[in-house]
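*Asks:* The structure follows.
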Amino acid sequence: MGVDRSDQTTALGQEQAASGIEGLDSILRGGFSREEMHLIQGTSGTGKTTLALQFLLAGAAAGESGLYITLAQSKRGLEAIARSHGWSLEGVTVHDPSPDDMAEHLVSDQTVLRTADVELGELTRQLRDVIEQTQPRRVVFDSVGVIGLLAGSPSRYHREIVVLRQFLVDRGCTALFLGEWPTETALKRPVSSEFHSLAGSVVQMEHTAPDYGEVRRRLRVIKVRGVAFRGGYHDFRIRTGGLEIYPRQEVRHGETYGDFRHIRSGIESLDQLLGGGLEQGTACLFIGPSGSGKSTLAALYATAAAQGGDAATIFLFEERPETFKARSTGVGIDLQPQLDSGRLTLVQLDSTDISPGEFAHRVRAAVDGAHARVIVIDSLTGYFNAMGNISSLSVQMHEMLNYLSGSGVLTLLVVTQEGFMSVGEVPNVDVSYLSDSILALRFFEAEGRIRRCVAAIKKRRGEHETTLRELFIGPEGVSVGEAPLRQFHHILSGIPELIDPGQGWRSSQDVPRGGEGGRGG
């Protein structure tokens, strides 16, 4: 449920009440301002009620009495929601204004006022009475739409909210008001809009249903008075146990990593291509067609790092961990000892289920919690599919890579190019400019065989070779030709030509047994 942070204050000197949700408190810089009114707005099903219950239960855990005033659903319905999360509402008073009581008062009142005016007056009387009786520190009102319906006019609605706000503040209450957004009432405008100028903070919750996959949920803090909160959209999930919110990664200004220690693959000729290996605090793109060996080389570097004592995490979007382990073992890369030691971790992700914010949260947990020094994303194509909105991918990746670089992490990005033999294109988005190094893998045909080659296309830090070398992947392991492929040109096109056809050509080493059907990645 989170830890109460009542000792935290805003820039205006107000104490803050923890929401009970760690991610939301991080976004709000501590929680909701105490003795203030706050608005939680969103359409039905976005998680407003769950958030409100977590807020009250966090207060109850800290010894603060809570009151939930519900006009949108019954007390029994709220208790069912709480049970679904494994919660008890002990310490929280639930007030469900009785329609019978309201009707009795309406009949007894002899008045020429409009029925709506009398109903609103009776409602506010009940609210004040129950607050006076229970003396709560935290209050939830669900929902403000009812007041808007009964008020009938914007001016009356605004006046009622101002009076209610002052009543709550005078009694030391921190109140969350839940509102439908966008929902129009008799006011011909979203009822929540009147709150924006009065509320200490406004949180907007949203959900969207993709053509395939799970519903995606996100929230945005529109305002927090006196607090430099985290702006933008933040993904979240509703799990058993409450909301799990993934704050958007903040850009670290002025924080750089300066060690740049090399991590070597263990294959000398491959490391020579890259000027000695890959440095921590940088990102390398492994790019090539399917089966060319991208995942295999990434696994090679991750395993070598783990063998050297560094923790490494491989995020798999397209393979099960069992398949990845079996395929790696088949080409001489034994992951099991490093998995058993805890220095290597395989994490399977489903691009139809995970949101970009949750993925970034998983990456941060691997770095900050498990102290991973190597992160592999296999593949970035799967990450593209998780994005949904491709236009924001570059910004998201830039934020993540900045964080990883500043943390001294070597990031290995696997990207599948379209096509089989040709250079092809990276699907949807070009991320090459975000990478410090690029290792390109290709197929080419020679002597009636499909062969592989590898080349370092780019390296920002230090020198690298500009030659192409043959890449061998088979049961005996992974190796790279000692001699560059100088006899050919147009290799990257997939249809190489011998520079001197009369001289002929022979591979720089014998193809490993089974190499004609050797496995890539």
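The values are calculated or read from the model by the stated rules, or taken from the named source; none is laboratory data. Fair warning: this is a prediction, and the values are worked out from it, not measured in the lab. Because the Cβ atoms are built from the backbone with ideal geometry, glycine has one as well, and the counts that use them run over all protein chains shown.
*Asks:* Ser432 fails exactly one of the following numbered conditions: (1) among the small types (Gly, Ala, Ser); (2) within 23 Å of Leu401 (Cβ to Cβ); (3) modelled with pLDDT of 90 or more. What is the number of that condition?
*Replies:* (3)
*Asks:* Restricting attention to the stretch 202-219, does a residue exist that is closer than 26 Å to Arg373 by Cα and surrounded by fewer than 21 Cβ atoms within 10 Å (Cβ to Cβ)?
*Replies:* no
*Asks:* So which residues in the stretch 472-500 are over 20 Å from Leu300 (Cβ atoms), touching a Phe, Trp or Tyr at 6+ places or on another chain (Cβ under 7 Å) and either aromatic (Phe, Trp, Tyr) or surrounded by 13 or more Cβ atoms within 10 Å (Cβ to Cβ) (or both)?
*Replies:* Within the stretch 472-500, Gln487, Ile491, Gly494, Pro496, Leu498 qualify.
*Asks:* Follow-up. Could you list, in sequence order, the residues of the stretch 313-335 that are touching a residue at least 12 places away in the same chain (Cβ under 8 Å), in contact with a Leu (Cβ under 8 Å, 6 or more places away or on another chain) and surrounded by fewer than 18 Cβ atoms within 10 Å (Cβ to Cβ)?
*Replies:* The one that is touching a residue at least 12 places away in the same chain (Cβ under 8 Å), in contact with a Leu (Cβ under 8 Å, 6 or more places away or on another chain) and surrounded by fewer than 18 Cβ atoms within 10 Å (Cβ to Cβ): Pro321.
*Asks:* While we're on this one: Evaluate the following for Asp310: is it buried (at least 16 other Cβ atoms within 10 Å of the Cβ), in contact (Cβ under 8 Å) with a residue 60 or more places away in the chain and either farther than 17 Å from Thr296 by Cβ or basic (Lys, Arg) (or both)?
*Replies:* Spelling it out, Asp310 is indeed buried (at least 16 other Cβ atoms within 10 Å of the Cβ), in contact (Cβ under 8 Å) with a residue 60 or more places away in the chain and either farther than 17 Å from Thr296 by Cβ or basic (Lys, Arg) (or both).
*Asks:* Sort out which residues of the stretch 73-95 are under 31 Å from the mean Cα position of the chain (by Cα) and over 26 Å from Glu22 (Cβ atoms), and write them in order of number.
*Replies:* Gly77, the sole residue that qualifies.
*Asks:* Which of the residues that make up the stretch 273-307 are under 21 Å from Val331 (Cβ atoms) and surrounded by fewer than 18 Cβ atoms within 10 Å (Cβ to Cβ)?
*Replies:* Ser290, Gln307
*Asks:* Filter the stretch 132-156 down to residues that are part of a helix (DSSP H, G or I) and either polar (S, T, N, Q) or closer than 16 Å to Ala52 by Cβ (or both) and give me whichever is farthest from the chain's Cα centre (by Cα).
*Replies:* It comes out as Gln133.
*Asks:* Exactly one condition in (1) assigned to a helix (DSSP H, G or I); (2) more than 15 Å from the chain's Cα centre (by Cα) is not met by His361; state its number.
*Replies:* (2)
*Asks:* Take the stretch 174-230 and flag every residue that is at negative phi, of a type outside the set (Asp, Glu) and at pLDDT below 75.
*Replies:* Trp181, Pro182, Thr183, Thr185, Ala186, Leu187, Arg189, Pro190, Val191, Ser192, Ser193
*Asks:* Filter the stretch 59-77 for residues that are surrounded by 24 or more Cβ atoms within 10 Å (Cβ to Cβ) and assigned to a helix (DSSP H, G or I) and give the result.
*Replies:* Gly59
*Asks:* Then there's this: Which of (1) modelled with pLDDT of 95 or more; (2) exposed (fewer than 13 other Cβ atoms within 10 Å of the Cβ); (3) not in a helix (DSSP H, G or I) does Asp340 not meet, given it meets every other one?
*Replies:* Just one mismatch for Asp340, condition (3).
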